[in-house]
Ligand SMILES: Cc1cc2nc3c(=O)[nH]c(=O)nc-3n(C[C@H](O)[C@H](O)[C@H](O)COP(=O)(O)OP(=O)(O)OC[C@H]3O[C@@H](n4cnc5c(N)ncnc54)[C@H](O)[C@@H]3O)c2cc1C
């Protein structure tokens, strides 16, 4: 296929505007004048993108850094469960991008990127095009409703609108309003099959929602349908302080969902719900698919893996040496353990690794080798407050494979260590003002 037509098709597929076809490719207006030296475009102002932007400015001040983000502000997902149960001031969750851009000296454009043209090294947005020398994609995840509903858009739209899980930054407000309206009955949470964003978070959310129901004296229970092996630590919590509030169902693989009749069927049972967080399988954000960065399934090479394939030692895309992929969107890191945990700190560390690679390349140096790490605080109860800390560290084995070491600590008397950790990360990502 002719390269120009291929580019136009790629751009059009992402826009979903078949009406643009056929026709000559018109050059989109440039969003910014050409860069004087090299330009790094970063798509996604979440944990991965923000960390990459800051580190690039520190390591390679000669490069121009442009961050493109569709949301009006940075919204933290960490701490949202605590906030849902009224145990956190919500102002800590939202932060402006402008202060970060000023503090670190990069440009932020509020824009949805609709396509990546890798041949021309150009991004497409509704407002114009942006040329890049290097690209970092940090677009997070998307829900794969097709796994449940195939091409039937009606139930998918109903599931998303009425029973969405608020697993994306900025969606938590709508969930809080829903929880406030909930008058009682069964509240179902379908945990997605692994890998998914923040493995302990559905269980933490179940506990916090149950806390809220108890506080409001509602005749209500939370039913958790889990298709994965049970997460260490939660058996005790569900059987302890939440035994009258949380029903945990193991081996609960979703077979069918009817969002209109409000039913979920697993291999063994059908559950009727009054409200729900319906979480389908997850996969890399849409732009990774449009850009052709998705890997192959390890068990079936004919199938897409669903995630962006990378060299885990550099974060470089396997499809394009000018493109780096970071955060929750990335594919398996090692044959030994599969995916890195999809956490905020992990995404930030990966963003820093990609930044160091680009800075070194621009300066003709060798990049230092570093592996990411993750610390994750999980509330495992509110009355009394109980917390878990999951530390994940990595090293490269003699044969070149990355090894994972996980340690889980339990704390029966926490003193807001999760809030202190988050404030530290906000200051790192967004500048000192974000620590509140
Ligand atoms: C309830 C919950 C609790 C969590 N708790 C913790 C915790 O305690 N600790 C922890 O470490 N992690 C936690 N996480 C996980 C953490 O939030 C994620 O791992 C982290 O957000 C991943 O960062 P990311 O940069 O990959 O993606 P994101 O943070 O999702 O950032 C992606 C960004 O890209 C933007 N974007 C996507 N597509 C486009 C486009 N086409 N154009 C422009 N912009 C685009 C999105 O708007 C978004 O801002 C939690 C997650 C959830 C859901």
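The values are calculated or read from the model by the stated rules, or taken from the named source; none is laboratory data. Since the model is a prediction, treat every value here as computed from it, not as a measurement. Positions of Cβ are backbone-derived with ideal geometry, glycine not excepted, and every protein chain shown enters the neighbour counts.
Among the residues of this structure, residue 53 counts as one that is within 21 Å of residue 287 (Cα to Cα), assigned to a helix (DSSP H, G or I), more than 10 Å from the ligand (Cβ to nearest atom) and modelled with pLDDT of 95 or more. Among the residues of region 298-314, write down those that are assigned to a loop (DSSP other than H, G, I, E, B) and surrounded by 13 or more Cβ atoms within 10 Å (Cβ to Cβ). Within region 298-314, 309, 312, 313, 314 meet the criteria. Of the residues making up region 347-372, those that are within 16 Å of the ligand (Cβ to nearest atom) and in a loop (DSSP other than H, G, I, E, B) number 1.
Tell me, please, whether a residue that is more than 22 Å from the chain's Cα centre (by Cα) and either surrounded by fewer than 19 Cβ atoms within 10 Å (Cβ to Cβ) or over 21 Å from residue 59 (Cβ atoms) (or both) can be found in region 339-354. Checked region 339-354: no residue is more than 22 Å from the chain's Cα centre (by Cα) and either surrounded by fewer than 19 Cβ atoms within 10 Å (Cβ to Cβ) or over 21 Å from residue 59 (Cβ atoms) (or both).
Strands (runs of 3 or more DSSP E) fully within region 98-214 that include at least 1 residues being over 30 Å from residue 272 (Cβ atoms) and within 16 Å of the ligand (Cβ to nearest atom): 107-110, 113-117, 122-125, 128-131, 134-137. If you check residue 174 against the conditions, is it assigned by TED's automatic domain parsing to the domain that holds residue 256, free of Cβ contacts under 8 Å to residues at least 12 places away in the same chain and within 20 Å of residue 258 (Cα to Cα)? Spelling it out, it is not the case that residue 174 is assigned by TED's automatic domain parsing to the domain that holds residue 256, free of Cβ contacts under 8 Å to residues at least 12 places away in the same chain and within 20 Å of residue 258 (Cα to Cα). Answer with yes or no whether residue 64 is more than 22 Å from residue 140 (Cα to Cα), more than 7 Å from the ligand (Cβ to nearest atom) and touching a strand residue (DSSP E or B) at 6+ places or on another chain (Cβ under 8 Å). Yes. Screening region 411-436 for residues that are more than 22 Å from the chain's Cα centre (by Cα) and more than 16 Å from the ligand (Cβ to nearest atom) and picking the one that is surrounded by the fewest Cβ atoms within 10 Å (Cβ to Cβ) gives 413. Selection of region 387-406 for residues being away from the ligand (no atom under 15 Å from the Cβ) and either within 30 Å of residue 104 (Cβ to Cβ) or assigned to a strand (DSSP E or B) (or both) yields 394, 395, 396, 402, 403, 404, 405.
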